[in-house]
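The values are calculated or read from the model by the stated rules, or taken from the named source; none is laboratory data. Bear in mind that the values here come from a model prediction, so they are computed numbers and not experimental data. Cβ placement follows ideal geometry from the backbone for every residue including glycine, while neighbour counts extend to all protein chains displayed.
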Amino acid sequence: MGQVIEVRRRGARRCLPPIAAASILLVCAIATAKAQGPEVKVIEIEIGDNMRYTPSVIDAEPGQKLRVVLRPVGKIKALGHNFILLKQGTEAKPFVDKAAAATEQTGDIPPAVRDQVIAEIPLVRSGSTGEVTFEAPVQRGEYDFVCTFPSHFKLGMKGRLIVK
């Protein structure tokens, strides 16, 4: 009475190798994408003889990876400019007052104020570029960036990173 019915699924066996291959390709693609990390937002800032960063405002998301490229394009070759992004709450003028002499002499930020800096590009002269890659602060708010070469801040070389 009880007949045994044998069912063969030949189609299922044929589908397994392509499915396995597609799965492996998908896993490899995901691993490659993760290895490359998040996309970097590139901001190119030009500085002319007018002592202004262009653009002077940078918008970012909390933790977003940013690459700032500083490009002096002025005709006065002797001028040096830098990009110093300050921590939130750091007063720009007192910071620049403390850093200006060292910047002129060494091209660097003095150790006494370095703890107030998020990111920096050392002095760059016309015809060359400098760059820095960093993550925007996670805390939303406004962060000043300045040039610490003597008198440049007083002449208007300042800008703002706005983390929204």
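Assorted remarks:
- Filter result for G107 (over 20 Å from the mean Cα position of the chain (by Cα), at pLDDT 70 or above and either more than 20 Å from P150 (Cβ to Cβ) or not charged (D, E, K, R) (or both)): yes
- Any hit, region 32-42, residues being among the aliphatic types (A, V, I, L, M) and at pLDDT 95 or above: yes
- Residue match in region 135-147 (condition: without any contact (Cβ under 8 Å) to a residue 40 or more places away in the chain and among the hydrophobic types (A, V, I, L, M, F, W, C)): no
- If only residues of region 148-157 that are in contact (Cβ under 8 Å) with a residue 60 or more places away in the chain, out of contact with any His (no Cβ under 8 Å at 6 or more places or on another chain) and within 19 Å of P110 (Cβ to Cβ) are counted, the one that is surrounded by the fewest Cβ atoms within 10 Å (Cβ to Cβ) is F153.
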